[in-house]
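Values in this text are rule-based calculations from the coordinates and carry no lab data. In this text, all values refer to a predicted model and were calculated from it rather than measured experimentally. Because the Cβ atoms are built from the backbone with ideal geometry, glycine has one as well, and the counts that use them run over all protein chains shown.
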Ligand SMILES: C[S@@+](CC[C@H](N)C(=O)[O-])C[C@H]1O[C@@H](n2cnc3c(N)ncnc32)[C@H](O)[C@@H]1O
């Protein structure tokens with residue numbers, strides 16, 4: 001997943017990052033300002049440029065794959081959508097009967113998610129949306145999901161976030177990350193490939209084996225894997241079970 005129009009200078013690999021201390025504040029600031037405008041457009045259905053269209057298509061494919069894996073009838077299933085954004089996944093999960101809690105670091109994203117929910121369904125508080133960063137989420141859920149969030153963090157932070165998400169989940173954990181593949185590493189070196197640097201935030205690619213090692217250490221076994229690649233969107237989607 002590279003859900004950004006990326007320039008070489010803002011793509012980082014987990015291997016060459018020494019500190020991710022400020023990433024959370026940078027991400028919060030981004031998704032409360034230019035990032036909010038940008039992602040609201042991408043997750044909407046109005047006209048977008050070709051990069052945004054590719055990200056919209058890839059992201060929708062990710063959401064559809066998660067819905068397919070989880071199934072049609074989710075009555076009685078509790079789900080945590082960590083970094084829920086505008087609720088693109090939380091809302092269809094609630095429609096399938098799940099009790100959904102969506103959390104996001106950005107006040108703007110959560111404000112808009114609540115508006116979308118209230119416009120779509122006036123008589124329910126499901127999904128419940130709340131401003132909360134991943135590592136401050138509490139509770140226990142049957143399923144914990146974290147889509148297109150880990151791209152913002154270096155591996156050391158991803159490890160902490162996954163440990164926390166793992167502690168919240170009773171049985172399933174689903175996540176995406178941007179893969180660090182030789183192909184993308186070459187593209188990264190081709191200057192003009194990722195346009196629109198001014199509209200981006202920092203992004204980190206991760207090796208599949210590093211993410212798998214973290215999950216295994218936390219006691220998870222991979223149960224589903226999908227590679228979702230479009231022109232400007234590259235994601236690895238994992239589902240793990242205990
Ligand atoms: C690219 S959007 C994806 C939104 C949603 N998961 C989806 O797939 O539609 C990334 C979201 O992650 C949120 N986010 C980033 N870091 C976070 C953190 N540490 N805790 C909670 N939310 C975070 C951002 O505010 C943003 O809404």
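Normalised by the number of residues in segment 61-111, the mean separation of alpha-carbon contacts (under 8 Å, six or more apart) gives a relative contact order of 38 percent. Modelled label positions at residue 227 and residue 45, each set 7 Å beyond Cα in the direction of Cβ, lie 3.2 nm from each other.
Between residue 213 and residue 119, the modelled labels are 4.5 nm apart [label points 7 Å from Cα along Cα→Cβ]. The mean sequence separation of alpha-carbon pairs under 8 Å and at least six residues apart, normalised by the residue count of segment 8-241, gives a relative contact order of 24 percent.
Here the spin labels are modelled as points 7 Å beyond Cα on the Cα-Cβ line, and at residue 33 and residue 95 they lie 3.5 nm apart. Comparing segment 8-241 with the 2.2 N^0.38 Å rule of thumb, its C-alpha radius of gyration ratio is 0.96 (two decimals). Residues 161, 109 in ascending order of nearby Cβ atoms (within 10 Å, fewest first): 161, 109. If R0 is taken as 30 Å, the Cβ-Cβ distance between residue 67 and residue 22 corresponds to a FRET efficiency of 0.30.
The radius of gyration of the Cα set in segment 202-242, together with its Dmax, comes out at 11.6, 34 angstrom. Cβ crowding within 10 Å, taken as a proxy for footprinting-reagent exposure, orders 157, 210, 73, 64 from fewest neighbours to most as 73, 64, 210, 157.
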